[in-house]
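As structure tokens, the structure follows; a few thoughts come after it.
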Amino acid sequence: MYEVLVVDDDFMVAEIHRRFVDKTPGFTTVGVARTAAEALESVRTGNPDLVLLDVYLPDMSGLDVLQRLRAEGNAVGVIMITAAREIDTVSRALHGGASDYLVKPFDYTQLQEKLENFRRRARALESQSGADQSLIDSLFGGKGKNPEPSRLPKGLSAETGRLVLDILRSKGELSSTECAELAGLSRVSVRRYLEHYLSEGLLEVRLEYGGAGRPVRRYRPAPR
């Protein structure tokens, strides 16, 4: 059973996330923190396996909480839960040691997938058989369940690409305009990523006809 600490200053949101966690087999909520100070104390004294950590807290950024935990040598799993779609926020979360992130609002299925990914990685790291290439690929996002392209064309960044893919996977199907609005990026920039991933076989496209003008290209993740 993996023990989870939920961190969010909004009582109702924290309660929804707690219910989502407790609904997932193999996971249980061991505490709810409303502030960064409470979160740090709960992690230090309770030693949970995973923290669902909101970025915006009243006394300190969740990103700073993550930074403090890593500076203390605490390797607790952290999934950032945030309404922030700015690429610098996502970049800081990734470089700070977050194992994953979710953009609010999200439904139970989306959080369940993140929890399952955490469980998969945790079990892999607990393996006593040593690390072969398939294990390494599963931990680092290689040719496993969610393959990522190893290289991107010049001018495209891996961090932005991951953001675009995660948004699309969480929403199911989007136009380049809709995806750009969620990512906080320009439509032209997002369209380059979408077309690249389409050519790599990670995405599929559907043409939506309606009214005058060109049909809208709507992108969705390719079946795994």
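The values are calculated or read from the model by the stated rules, or taken from the named source; none is laboratory data. Treat the numbers as computed from the prediction; the structure is a model and nothing was measured. Every residue, glycine among them, receives a Cβ derived from its backbone with ideal geometry; neighbour counts consider all protein chains shown. Surface accessibility is based on the protein's heavy atoms, side chains included, excluding ligands, DNA and RNA. Shrake-Rupley method; radii C 1.70, N 1.55, O 1.52, S 1.80 Å.
Could you look through region 174-199, keep only residues that are more than 18 Å from ARG214 (Cβ to Cβ) and not in a helix (DSSP H, G or I), and pick out the one that is modelled with the highest pLDDT? Within region 174-199, the match that is modelled with the highest pLDDT is SER186. Of all residues in region 183-201, none satisfies the criterion of being touching a strand residue (DSSP E or B) at 6+ places or on another chain (Cβ under 7 Å) and either among the charged types (D, E, K, R) or closer than 20 Å to THR109 by Cβ (or both).
Of all residues in region 170-191, those that are over 18 Å from the mean Cα position of the chain (by Cα) and open to solvent by 60 Å² or more (accessible area, probe 1.4 Å) total 6. Of all positions in region 157-169, at least one carries a residue that is part of a loop (DSSP other than H, G, I, E, B) and either over 16 Å from the mean Cα position of the chain (by Cα) or aromatic (Phe, Trp, Tyr) (or both). In region 121-144, the residue that is farthest from ILE16 (Cα to Cα) out of those that are modelled with pLDDT of 70 or more and in contact with a Leu (Cβ under 9 Å, 6 or more places away or on another chain) is ALA124. Select from region 207-224 the residues that are assigned to a loop (DSSP other than H, G, I, E, B), open to solvent by 70 Å² or more (accessible area, probe 1.4 Å) and either modelled with pLDDT of 75 or more or in contact with a helix residue (DSSP H, G or I) (Cβ under 7 Å, 6 or more places away or on another chain) (or both) and list them in ascending order. Selection gives TYR209, ARG214, PRO223.
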